[in-house]
Amino acid sequence: MNWFRQSLSRRRLYGELSEEIREHLNEKIEELIAGGMPRKEAEFAARRDFGNVTLVEEEGRAIWRWAFIEDFVTDVRYGLRTLRKSPGFTAVAVLTLALGIGGNAAIFSIVNSVLLRPLPYRDASRLVWVSKDMPNEHASLVMESEYFGWRRLNHVFEDVAAYEPGETFTLTGGVEPEHIQAGRATYNFLDVLGVAPRIGRAFKPDEDRPGVPRVVLLSDSLWRRRFSADAAILGRPIALDGEPYTVVGILPPGFEFLDNSLAEVMVPSALEHYEIAINKPMRLVSVVARLRSGVNLAVAAAEVDTINQRLRASYPPPFAKMLSGGRAQVVPVQERLVGKVRPALLVLLAAVGFVLLIACANVANLQLARAVSRQRDIAIRGALGAGHWRLVRQLLTENTLIALAGGVGGLLFAAWLITVLRAWGPADVPHLSFARLDVRVLVFAVVLALLTAILFGLSPALTVFRVPILESLRESGTRSGTGVKVRRPHSLLMIAELAVALVLFVGAGLLVRSFVQLISIPPGFDAQGVLTARISLPLAVYQTQGQRVAFYRQLEEQLASLPGIESAALATILPLQGANWGAAFEIEGGPPFNFADAATAEVAEVTPGYFSALHIRLSKGRVLNARDAADTSRAVLVNQAFVRKYFPNEDGVGKRLRLGNLSRPAQNGDWSTIVGVIADTKQKGLAAAVEPELFLPLTNWRAPIIDVVLRTRNDPMPLVPAVRSIIQELDGNLPLFDVETMSMRLAREVASQRFNASVLSAFAVFALLLAALGIYGVMAYAVGQRTHEIGVRMALGAAPPNILNMLLARGLALAFAGIALGLAASLILTRFLRSLLYGIQPTDLVTFLGVTVVLMSVVFLACWLPARRAMRVDPIVALRYE
């Protein structure tokens, strides 16, 4: 506590020190006077012998313990007074840094939430996702028999579990039915993840088998929302799809099912361990495992490949041949969850970092110009004994105050920006909702503020000291001494700003052009005025095909009778939803059926109004009709991709197929006839290639979940209550879910690309504005420094256009240097955007030329305004300028 007591008595101590110095000087003066020297000469001689009084006082204080605290407080107080005297400069600097720091803090909060946030599992670094990559199928898949083989034969995993995300159930028994997301998992799933239920227990091994009484785990949110957090729910049954499930446990708060999927309930997978056979259906699962300590990913993948070879030896030859090209994939769960979004987030973080660099360069330019006006003050302090480090420390203290104020403003801006990004961010970014200003983000902002203080403050401070003190004390020292030495840093900062701004603008331009290319792809249907929704029939209630057919026909008839409906249809799948189920088929007159090499296509079952509801164009033949729906003609439609692949030199109409599915060969029986060919519609995304597709009459009603498609004359959303009412009249236990327009589906398809392009473009525009302001400031400073020179030139006969050209030449020369440096950097850095682009290359010439032209136009305007003002300088006034 000595430093605290010293700080309280500092004025007394400073007074005693000053009094002691004065007594020493007085003694010396009296001694010289006694020797016969006049008083004035004696005072001068005494001070000359003693040295700089101020410096002696400073050195004396430095001997005391904790003196640096006093110096720091003094620097802060002086810095606050100085900044208060320049409110305009302070406001501009703080606002510029607040925007730069705030943008960085906001993007870092998302990176922290998505990439750095630890997964909520025990020892998550040892959790891996295990699969088998099938190059021929362009997919990764695992059959349940392979899961059992991996679990039984491996030596690299502590345990292996299977799971199936994306399941749904209809929960009934409450005020109204509710469609909820679900997941299936093996009994050891929670053990592999290292998660324990909040209350109750996990599944038992004997509950994870087909044909046993059903059990369920509830999520904490569903438990609270639907059952009022009543612990007595344990052991009671709830109705899921009309079947009773006994609640055995409640999952912990914040529990996350894998693959970024929501699971409000979890039920056992009930997998069967049987030998692979052609006449048995394949069940595909996802697999998660916990690595043994010391085992790396390569070793684990090699063992899984070895096990797969052993398993294939027992498969039927067609299956073994089909699976022979598969290679094991062992990927960290963290990489599985965030691998797709990592490149985009890192690009945005780098972009906002570039914006902060430009902001720092701008403030540094302001500081350079301001330091010139303060040079005499700094020189006087130096003449009085202040060393360079002492003066640099004072200037850095002022910069730190500006940066910290900018940091506070930046945190406020970041809080608002995070809210905007959470609301407008794409749904496929995991954990985006967790982004917030937590302790890690606050520390990041503080460190960033301190680094920016050094970054934009050190160069101006050191530049001022390059001019000798005596030259600074002369009347013309500011202009003659500092002008050249400050002009060079000004120019270098301007070049750097332009280079960074060009890199950002090129990146934004590439993403925008890629986005335009993507949304320009014809989806194959007309999304305007189309309402879609889904319903799920519980098979426990609608047990027979007749019951399901009767319900769907009534539903379609009543929907078609609604006012404003142009077309109504039902389908097992819609465009942009991905694959539904695949069919293996035999073409009449083609080679004999071979399961391993069988022709395959995606299959959609639809009612006749489907094609008119989506305005899908007919290329050849006819569409399905009511007679086809009655299952009398075995008619099918195919898309153009089907014809290109299987009938490359024919139109395909009239050809016959014999259908099976991917788990058994084409069956004997009547042949189906292709009655028409429709235009391709995008199935798995706008950027994905269209696969061959078959359209069958929706007569078997195989899928419990059916899509409703309604084309309306006006805005379709007001029809939702009427649609919901019709379904409730038909069956009060059926909820309507996934209600949205096709336009909303189409917008969601490009949401990630729109988000990336929009955010990077906003940063690029902000960077361009900052760079333009910086260039304008540099040119304005240059004109101010050369006012006397301009007056001399004009007095000697130089015309105003000559002055304009002279100043523009300097500004544009710097601009060319900055743009050249930026283009070189862009050619290197845009390679990291390759995975985010569609339809263009990272070195796209149009983008580079367009951005260069825009930037040069902005630079020319920023240089022309101060140069134009210089043309109007009165030579008489300029010659007097000092």
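The values are calculated or read from the model by the stated rules, or taken from the named source; none is laboratory data. Small disclaimer: the values here were computed from a predicted structure and weren't measured. With ideal geometry, Cβ positions are generated from the backbone for all residues, glycine too; neighbour counts draw on all protein chains shown. Protein only, heavy atoms only, side chains kept; ligands, DNA and RNA dropped before computing areas. Shrake-Rupley method; radii C 1.70, N 1.55, O 1.52, S 1.80 Å.
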When you count, for each residue, the other Cβ atoms within 10 Å and take the mean per peptide, how do 42-48, 441-447 rank with the highest first?
441-447, 42-48
With label points set 7 Å from each Cα along the Cα-to-Cβ direction at Leu346 and Ala196, the distance between them in nm comes to 3.8 nm
Once you place label points 7 Å from the Cα toward the Cβ at Thr699 and Ala762, how far apart are they in nm?
5.4 nm
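Please work out the average accessible area per residue across the stretch 394-433, using the 1.4 Å probe convention, and give it in Å². Intermediate values should be presented prior to the final figure.
Values: 1720 Å² over 40 residues.
Per-residue value: 43 Å².
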Could you report the accessible area of Glu31 in Å², rounded to 10, computed with a 1.4 Å probe on the protein chains as they sit in the structure?
120 Å²
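Under the 0.36 nm per residue contour assumption, what length would be gained going from the current alpha-carbon distance of Ile33 and Leu827 to full extension? Let's see the in-between values first.
Details: separation 794, 0.36 × 794 = 285.84 nm, distance 7.87 nm.
Residue separation times 0.36 nm, minus the Cα-Cα distance, leaves 278.0 nm.
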Taking the simple approach of a point 7 Å from Cα along Cα-to-Cβ for both Ala560 and Leu284, what is their distance in nm?
3.4 nm
Roughly speaking, what is the stretch gain from Thr843 to Leu804, that is 0.36 nm per residue apart minus the C-alpha to C-alpha distance, in nm to one decimal?
10.5 nm
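So, for the stretch 233-371, what is the accessible surface per residue at a probe of 1.4 Å, expressed in square angstrom? Numbers along the way, then the final one.
Details: 5720 Å² over 139 residues.
On a per-residue basis, the stretch 233-371 sits at 41 Å².
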Taking the mean number of other Cβ atoms within 10 Å as a proxy for protection, how do you rank 244-254, 98-108, 81-91, 671-681 from highest to lowest?
98-108, 671-681, 244-254, 81-91
Considering only Ala604, Leu518, Gly589, whose Cα is most displaced toward the positive end of the charge dipole of the stretch 498-613, charges sitting on Cβ of Lys, Arg (+1) and Asp, Glu (-1)?
Leu518
What is the distance in Å between the Cα centres of the stretch 820-856 and the stretch 177-238?
52 Å
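Per-residue counts of other Cβ atoms within 10 Å, averaged by peptide: what ranking do you get for 748-755, 230-237, highest first? Numbers along the way, then the final one.
On the way: 748-755: 18.9, 230-237: 12.6.
In decreasing order of mean packing, 748-755, 230-237 become 748-755, 230-237.
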Residues meeting the amide H criterion for Ile535 (H placed from the backbone, H to H distance under 5 Å, 5 or more places apart or on another chain) are Ile706, Val708
Please list, ordered by chain and number, the residues whose modelled amide H lies under 5 Å from the amide H of Arg617; skip anything fewer than 5 residues away on the same chain.
Ala679
Along the stretch 355-368, what does the Karplus equation 6.51 cos²θ - 1.76 cosθ + 1.60 (θ = phi - 60°) give for ³J(HN,Hα), rounded to whole Hz, x for Gly and Pro?
4, 5, 4, 5, 4, 5, 4, 5, 5, 4, 4, 4, 5, 4
